[in-house]
Amino acid sequence: LREIPFVRLNGHRYKRLPGNMNFSFQFVPGETIQIMLDMRGIYVSTGSACSSESSEPSHVLMAVGLNEDLANSVVRMTISIDTTKKDIDTAINAIKEITFKQRSLSSEYNEIINPRNRRGWRR
């Protein structure tokens, strides 16, 4: 959460299933992150477990306060007793690289980061 801007942990920080994490990566579709991680041998899911069969935003994520954009930027991950620190570091580094690259392609993100790029702005 400290290393990637515009990321949100969905659900309670401590009152959750052990090893289960659900994040929204604003400005990047969750499916894009999922596919790019899959290509690196890192397997995650999108959305919430209760709506894994649907391409619609999860009603559960919407009920906890996510708007449609954030609900569509969700990545769900789990770790187990067999997950090593190296596995976690590898996943975090891959997610950072993917989100930074994908956001650099997002006009909405770039308008927020560099307001001078907004249409109609004059020196």
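The rows are residues; the columns are (1) at pLDDT below 85; (2) of a type outside the set (Phe, Trp, Tyr); (3) under 25 Å from Ser104 (Cα atoms).
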| site | (1), (2), (3) |
| --- | --- |
| Glu3 | no, yes, yes |
| Gly11 | no, yes, no |
| Lys15 | no, yes, no |
| Leu37 | no, yes, yes |
| Ile42 | no, yes, yes |
| Ser48 | yes, yes, no |
| Glu56 | yes, yes, no |
| Leu61 | yes, yes, no |
| Asn72 | no, yes, yes |
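Give segment 67-92 a look and list any residue that's among the polar types (S, T, N, Q) and open to solvent by less than 90 Å² (accessible area, probe 1.4 Å), or say none. It would help to see each step written out before you state the result.
Here is the first cut: in segment 67-92, the residues among the polar types (S, T, N, Q) are 67, 72-73, 78, 80, 83-84, 90.
Scanning segment 67-92 gives Asn67, Asn72, Ser73, Ser80, Thr83, Thr84, Thr90.
The values are calculated or read from the model by the stated rules, or taken from the named source; none is laboratory data. All values derive from a computational prediction rather than experimental measurement. Ligands, DNA and RNA are stripped out before the accessible areas are found, and what is left, the full protein with its side chains, is counted by its heavy atoms. Shrake-Rupley method; radii C 1.70, N 1.55, O 1.52, S 1.80 Å.
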